[in-house]
Amino acid sequence: MRILYPLLLLLVIGIVGTALFWSNSAVDTANVSEAFLQAVEAGNYRKVVKQFGGNACQCPAKGGWVSYLVYLSSQEPNLAFMMKHPFSTGEAKSKAIPATVKSKTPIPWEVPEDFSVDVPIKFDKEYEPKFLPLKMAYGIIMKQAEFDQFLADPDKDSWQAFSLRLRPSLAKGVIDRPPTSFGIEYHPKELAPRKISGEDSDDSFVYARVEDTLDELLTPEEKLYLHPKDAAGVVDDKGGALDFQKVEESLPKLMRCTLRLHVVRRGQLNKWTVYHFAILDPVFKTASGSELAFKNYQSPMRKSWTK
């Protein structure tokens, strides 16, 4: 009979501890989200990558989590347009994501947890990301009629490479990969690929087998949209280039959006990590100064998680 008392005590401690863990979850997820965004604004690639984690990285096998932070990875969604740029954040709102699969562990504090954290993001005149037409963002020169058509309805098909089309400016080199983003180990370690052709796992985003397959399947026009490039210009009917500065000034500028972070931990004794993210409800400012809320910025595949 005496042996039941220690067992009962352990059970009570377990229940109380679990309740405390659960009650602090919303606060903890907000904290990790804040740390994540502080590292993004500071442009600290290594620290941002350390905040990522989960069972898998939905990114190029040789790129790892840093793929979500650089344009040349072609990874969508992407936070390259926010890295080392100023923005302000509002109050984060955390919401538990119900488990779709029953946990296999009988131990309460080893049950995985999932939260979505919505963080309002606001840009001001100090930095306003420009939204480029698809052709321009992939280095393809546009005719003035095409450009004018884009300006008349920039939301049309905006889901195509949406975040890769958000640029600091039209200047050459803005999509180049910063030196500080190289040499960061793949994370999580257990999923790290072996080195290929002597290259570091995160130093190249071109994985030959996939590229060869795409080369066989895609049309010449489709191949033009494999990787983002420096912004191309706009030409008039006679082939003359329009003033680059005026072209840039006429582009929609991102004013605000919501960044939804999917934050997870494998058990209540583990740290919270960012599994993936989505950019929601973007509102732009047009050249005329009016606000334009985009409606077509999400691909059909992404809409299910962000409802």
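Bear in mind these aren't lab numbers, they're just calculated from the coordinates by the rules spelled out. As the structure is a prediction and not an experimental result, all values here were calculated from the model. Here the Cβ is made from the backbone with ideal geometry for all residues, glycine too, and neighbour counts use every protein chain on show.
Some points to look at:
- Potential lengthening of the chain between K84 and A145 amounts to 18.5 nm, from the contour at 0.36 nm per residue minus the alpha-carbon distance.
- Label point 7 Å beyond Cα of Y127 along Cβ direction - residues of region 251-267 with amide nitrogen under 18 Å: 253-260
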